[in-house]
1. Quick one: which residue in Glu179, Glu152 is touching an Asp or Glu at 6+ places or on another chain (Cβ under 9 Å), part of a loop (DSSP other than H, G, I, E, B) and closer than 19 Å to Arg97 by Cβ?
2. Looking only at region 463-496, count every residue that is crowded, with 16+ Cβ neighbours inside 10 Å and over 25 Å from Ala53 (Cα atoms) and tell me the total.
3. Any chance you could count how many residues in region 469-496 are touching a residue at least 40 places away in the same chain (Cβ under 8 Å), not acidic (Asp, Glu) and not in a loop (DSSP other than H, G, I, E, B)?
4. Identify all residues within region 389-410 that are touching a strand residue (DSSP E or B) at 6+ places or on another chain (Cβ under 6 Å) and either part of a helix (DSSP H, G or I) or hydroxyl-bearing (Ser, Thr, Tyr) (or both); write none if there are none.
5. Exactly one of (1) part of a helix (DSSP H, G or I); (2) at pLDDT below 95 is unmet by Phe316. Its number?
6. Going by the structure shown, is Leu23 in contact with a helix residue (DSSP H, G or I) (Cβ under 7 Å, 6 or more places away or on another chain) and assigned to a strand (DSSP E or B)?
7. Can you tell which of Ala72, Ala53 is over 20 Å from the mean Cα position of the chain (by Cα) and either aliphatic (A, V, I, L, M) or not assigned by TED's automatic domain parsing to the domain that holds Asp298 (or both)?
8. Can you give me the number of residues within region 319-344 that are more than 22 Å from Ser421 (Cβ to Cβ) and either without any contact (Cβ under 8 Å) to a residue 24 or more places away in the chain or basic (Lys, Arg) (or both)?
Amino acid sequence: MMEVWNESHLADLLRERLGDAQLVVVSNREPYVHSLEEGQVRCLRPASGLVTALDPVLEAAGGLWVAHGGGAADRKVVDAEGKLAVPPEAPRYTLKRVWLTEEEEAGYYDGLANEALWPLCHIAYVRPIFREADWRHYTQVNRLFARAVLEELDGEACIWLQDYHLGLLPRLLKEARPEARIGHFWHIPWPTPEVFGLAPWRRELLEGLLGADVLGFHIRCHCDNFLDTVARELEARVDRETSTIVYRGHATRVRPFPIGVDFERITRDAEGPAVREEMERLRNRYGLHHELIGLGLDRIDYTKGIAERLAAVERFLQMFPEYRKRIVFCQAGVPSRTRIGRYRALGVRIERMAREINRRHGTPEWQPVCLIREHLSPVQILALYRMAHCLVVSSLHDGMNLVAKEYVAARSDLGGTLLLSRFAGAARELQEALQINPYDVEGMARRLRDALEMPPGERRLRMERLRLTVREQNIYRWAGTMLDALLRLPRKELVG
């Protein structure tokens, strides 16, 4: 059995390894957003897997988080340097906000990041869109982030960059501060060289990422794809045995670091009275009093396979009519990236599919699909996890998928069954889940029947083993192993 990491383990590691060095985390998404409601400033935590993963790390270690400030009241609560102490109720670290114009945000975030890189890396049969103007904004914003970080550096620094929005930042920082330890974690899949070859600025992106000393992905497959891509596109020395790339005299170690969740916190919160009370409220509000409840919980995104999941629910009702009036499938999720036409169209499609399934199969007393399209609080999410007899994660392509791990962490009662896409990174770890192929609608329908008819003893045993895995591969192990790999590097290896 692995040693189970916790907040204290991570804090001890960073105290030992960091010494006097400064810890800086950089991401597009900020961990706290300040909005205006009826003239009052309100602080919210955004629905983001990245924020959920990183906030406990900064709370444990302290330091600085640099992120884009996009809230309507974000400027009202910071000092002259754009900084404030967070969390508001018990400050543990500093948040510094980077300000973008609407044009910069549209080009860098909506355009290059989410209409080009997101579909390119997810291979979800949505064509990436490449615009020269978006690339200019992406370059400009990465430089803004570099300036914001460099202004804060004083002496030794360990800089941990996050995700595909900041692909140029490692090189920008390494050129300015070669002695700084720079890690970059890419939270989405890395495609094959053939797919990445579609990007007009592939060389610039690769050179940007190779400014990192350690480059992390969720699974080994994505590391191998990156090594293959660099070997094809750049004149670099690629050592597959050590998973290291040397480019222009600088070494980048490419490693898998599977991300996890805060298992102990989720387990504790899910057992609390607030969740039990919320379960009853949700049952009454949405009429979820039926014998069986299936659940899908996602951002509304075409990579999540939501349409395929609903098609499987309808096929399930056709193939196994004995479940009519016994089951309700609850599809919950918040609208996402609604400024992009593809996402708005997907939201309309999902609503239409749910309405048509209910029209064809429902009765005045029973609607088989309950669609919840609103922001859900952490308590509401945990309540849905505890209510669900099964959770269906049908991603068409996913770097990891933390919803699957959150569901397991929430089920300390050892109830519930996880149906998990074989195309999600989490499928490599969560072997006791019922694996599904989201492109096989009838196969998913049969798997849903298998989940509902699973003997109680088998269900408990599977969940028990899943919980052991999620407990061991938690958020603190993810952060600790990547930061340890970065902090262990000899200084002479940082500057090439």
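1. When all the criteria are applied, what remains is Glu152.
2. Selection size over region 463-496: 1.
3. Total satisfying the criteria: 16.
4. Our first condition is that a residue be touching a strand residue (DSSP E or B) at 6+ places or on another chain (Cβ under 6 Å); within region 389-410, this holds for 389-395, 398, 401, 403-404, 407.
Those that are touching a strand residue (DSSP E or B) at 6+ places or on another chain (Cβ under 6 Å) and either part of a helix (DSSP H, G or I) or hydroxyl-bearing (Ser, Thr, Tyr) (or both): Ser394, Ser395, Val403, Ala404, Tyr407.
5. Against the list (1) part of a helix (DSSP H, G or I); (2) at pLDDT below 95, Phe316 comes up short only on (2).
6. In short, yes.
7. On the way: Ala53 fails: over 20 Å from the mean Cα position of the chain (by Cα).
When all the criteria are applied, what remains is Ala72.
8. 9
The values are calculated or read from the model by the stated rules, or taken from the named source; none is laboratory data. Remember, predicted model here, so these are calculated numbers, not experimental data. Note that we place each Cβ from the backbone using ideal geometry, even for glycine, and neighbour counts take in every protein chain shown.
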